[in-house]
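Only one structure is covered here, and it is reproduced in the block below.
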Amino acid sequence: MAPTRPWMMSLSDAAVIKGQITVREAHSQRPMRERPPARCFPGSRSWVDWSLTSFSSFLAMPAEHAYVPNMPPLMTAEDLLQPQIPEHVELVRGVLVVREPPGFSHGEITARLTVILGNHVEAHNLGLVLAGDAGFKLASDPDTVRGADVAFVRRERLPQPSPVGFPSFAPDLAIEVLSPGDRAGDTLAKVADWLSAGTRLVWVVDPERRLARIYRQDGSESILGADDALDGEDILPGFACNLRVILC
């Protein structure tokens, strides 16, 4: 079995739930558990409130902005097109998420994937491959706009003419290439957004661990090692590429 990071878990087992945030138990309707008293360690002037250190003091609840005082107005997909908005951003349920630019290796792997996929798609007239974090509007009110490192849309689903902004549908295939600073929860939440919006296949490529995780809309998942092949399945008929070719 391919080695995995602690966060390389099943999407269904992830501690990140789509559309939810973590809030303190004080916001829930359940009675508070009895907490041990605050305590001071010997030789220290600092007191520790154990109610703030136990993982059990947290639970997942719907992300209602009422829990966040003075929250700014939610943004829309149209707002992202304004010139003052920085690059490398996504919109997640109306909240702007800024990401750092990807590194050199990330760009190299993404470009290689784009070329290999693009050659197959063009040769068989299957549709269109997009790169460069092309954005898709996955939800409305509040809006969610996600961008994939590489995406594929089948020919019969392509809008005519091509929109300048963000099309209101999900790609058939979304590919995410991990960077060293990517957090597990963010990645799994993004996978959940893709699948919930209609994406049928998501590849998460991990260059550091030299593996890829495959997520499907039917809920099945699999892990590929460097010697296994990325398979287009029924999304990209006839496509297969050894992961090592992508990563080398």
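Remark: pairs (first residue in region 199-228, at negative phi; second residue buried (at least 16 other Cβ atoms within 10 Å of the Cβ) and of a type in the set (Lys, Arg); Cβ separation under 6 Å; 6+ apart in sequence or on different chains) = Val204/Arg213; Gln217/Arg200; Ile223/Arg213; Ala226/Arg210.
Give region 115-146 a look and list any residue that's at negative phi and in a loop (DSSP other than H, G, I, E, B), or say none. Listed by number, the residues that qualify are Leu126, Ser140, Pro142, Asp143. Hey, does region 177-196 have a residue that's assigned to a strand (DSSP E or B), among the hydrophobic types (A, V, I, L, M, F, W, C) and under 18 Å from the mean Cα position of the chain (by Cα)? Looking through region 177-196, at least one residue is assigned to a strand (DSSP E or B), among the hydrophobic types (A, V, I, L, M, F, W, C) and under 18 Å from the mean Cα position of the chain (by Cα). Check whether at least one residue in region 205-227 is under 13 Å from the mean Cα position of the chain (by Cα), in a loop (DSSP other than H, G, I, E, B) and over 17 Å from Val129 (Cβ atoms), and report yes or no. Among the residues of region 205-227, not one is under 13 Å from the mean Cα position of the chain (by Cα), in a loop (DSSP other than H, G, I, E, B) and over 17 Å from Val129 (Cβ atoms), which makes the answer no. Hey, does region 173-188 have a residue that's of a type in the set (S, T, N, Q), touching a helix residue (DSSP H, G or I) at 6+ places or on another chain (Cβ under 7 Å), under 30 Å from Gln82 (Cβ atoms) and touching a residue at least 12 places away in the same chain (Cβ under 8 Å)? Yes, there is a match, as at least one residue in region 173-188 is of a type in the set (S, T, N, Q), touching a helix residue (DSSP H, G or I) at 6+ places or on another chain (Cβ under 7 Å), under 30 Å from Gln82 (Cβ atoms) and touching a residue at least 12 places away in the same chain (Cβ under 8 Å).
Whether any residue in region 140-156 is at pLDDT 95 or above, touching a Phe, Trp or Tyr at 6+ places or on another chain (Cβ under 8 Å) and more than 20 Å from Val177 (Cα to Cα) is what I want to check. Within region 140-156 (the criterion being at pLDDT 95 or above, touching a Phe, Trp or Tyr at 6+ places or on another chain (Cβ under 8 Å) and more than 20 Å from Val177 (Cα to Cα)), the answer is no, since none of the residues qualifies.
For region 123-137, a residue qualifies if it is farther than 15 Å from Pro159 by Cβ and touching a residue at least 24 places away in the same chain (Cβ under 8 Å), and the qualifying residues are His124, Asn125, Leu126, Asp133.
Listed here are the residues, each with its yes/no results for (1) modelled with pLDDT under 95; (2) farther than 30 Å from Ser140 by Cβ; (3) aliphatic (A, V, I, L, M); (4) in contact with a Pro (Cβ under 7 Å, 6 or more places away or on another chain).
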{"site": "Asp172", "(1), (2), (3), (4)": "no, no, no, no"}
{"site": "Asp193", "(1), (2), (3), (4)": "no, no, no, no"}
{"site": "Asp206", "(1), (2), (3), (4)": "no, yes, no, no"}
{"site": "Ser220", "(1), (2), (3), (4)": "no, no, no, no"}
{"site": "Ala229", "(1), (2), (3), (4)": "no, yes, yes, no"}
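The values are calculated or read from the model by the stated rules, or taken from the named source; none is laboratory data. Source: prediction; values computed, not measured. When we count neighbours, we look across all protein chains shown, and the Cβ atoms used for this are built from the backbone with ideal geometry, even at glycine.
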